[in-house]
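Q: This structure is in structure tokens; I'll ask about it shortly.
Derivation of every value follows stated rules applied to the coordinates shown; laboratory data play no part. On a predicted model such as this, the values are computed, not experimentally measured, just so you know. Note that we place each Cβ from the backbone using ideal geometry, even for glycine, and neighbour counts take in every protein chain shown.
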Amino acid sequence: MIAFVNGIVDDIAIDNAVIDVGGVGYNVKIPASVAGRLPAIGERVKLYTYTCVREDAFWLYGFLSRADLEIFKRLITVNGIGPKGALALLSTMDADALRFAILSGDTKAISQAPGIGKRTAERLILDLKDKLSYSDDMISREIAGESSGNAFAADTPQKKEAVAALVSLGYGQTESLQAVNAVEDIENMDSGAILKAALKKMF
């Protein structure tokens, strides 16, 4: 019903923002990942919104990009995940990390969200994996070797081996790739050196 709100940030909480649009303050529910990226109070922002209307409530859920709004809308189509669960997921990890977790089948990362158990995570992956593609997220650009500022692509043998080693140690696929990608100056490292550096990023 309301596609977006464009106005001045009046207040920010971890799960809610008040946006002043022409003198009217709109309460917009937001994930923690969005709260941390909002402009300061008094500055202008545009939030793409999903409208949830119930008999006793009228809620707006807001996101900084259409892509983030789209993943939220897909999440709430999964049986057992309503707007509250979708917001919890997007508060635990940002939309790009969540897309990658779904695509890589990483139930461990997904089930870290409050109220999302292993079975719900498995159902989410089953329902959405075929509806997403690696072109949907920023992490995919690293896998494809297009990451800006890092010519050492995530699909090189050394990086793959380091990720696989982290997974074998019990870390999730998503956090393993993120840790490996966070290692600096790895062009001349072998997989063992990358692994050691990535492990330091885990702590």
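Q: Counting helices only, and only those DSSP H runs with n ≥ 4, report the 222 nm mean residue ellipticity of the chain as the sum of -39,500 (n - 2.57) divided by its residues, in deg cm²/dmol to the nearest 500.
A: Calculated at 222 nm, the ellipticity per residue is -11500 deg cm²/dmol.
Q: I need the Debye-formula profile for the stretch 4-64: one equal scatterer per C-alpha, no solvent, reported as log10 I(q)/I(0) at q = 0.12, 0.19, 0.23 1/Å, two decimals.
A: For the stretch 4-64 at q = 0.12, 0.19, 0.23 Å⁻¹, log10 I(q)/I(0) is -0.24, -0.60, -0.86.
Q: Considering every pair of different Cα atoms, what Kirkwood radius, in Å, is found for the stretch 67-136?
A: So the Kirkwood estimate lands at 11.5 Å.
Q: Rank by packing, highest mean first: peptides 2-11, 171-180, with packing defined as the count of other Cβ atoms within 10 Å averaged across residues.
A: 171-180, 2-11
Q: Give me the Kirkwood hydrodynamic radius of the chain, using the inverse of the mean 1/r over all pairs of distinct Cα atoms, in Å to one decimal.
A: Its Kirkwood hydrodynamic radius stands at 18.3 Å.
Q: Moving on. Taking the Cα atoms only, what angle lies between the long axis of helix 191-201 and the longest principal axis of the chain, rounded to 10 degrees?
A: Rounded to the nearest ten degrees, it is 40.
Q: Next question. Please state the equivalent ellipsoid semi-axes for the stretch 159-203: what are the square roots of 5 times the Cα gyration tensor eigenvalues, largest first, in whole Å? Kindly include the intermediate steps, with their values, before the conclusion.
A: On the way: eigenvalues 45, 22, 14 Å².
Largest first, the stretch 159-203 gives 15, 10, 8 Å.
Q: Find which of A86, V163, I194 sits farthest along the positive direction of the dipole of the chain, computed with +1 on the beta-carbon of Lys and Arg, -1 on that of Asp and Glu, about the Cα centre.
A: Checking the options against the dipole of the chain, the answer is A86.
Q: Right, here's the next one. Would you mind pulling out the separation of the Cα centroids of the stretch 1-80 and the stretch 162-180, in Å?
A: Taking the Cα centre of the stretch 162-180 as reference, the centre of the stretch 1-80 is 33 Å away.
Q: Can you tell me which of 37-50, 82-95 comes out highest on packing, and rank the rest after it, using the mean Cβ neighbours within 10 Å? Show your work: numbers first, answer last.
A: Numbers: 37-50: 15.1, 82-95: 20.5.
Ranking, from highest mean packing down: 82-95, 37-50.
Q: Give, rounded to the nearest 20 debye, the magnitude of the charge dipole that the chain has about its Cα centre when Lys and Arg contribute +1 at Cβ and Asp and Glu contribute -1 at Cβ.
A: About 480 debye.
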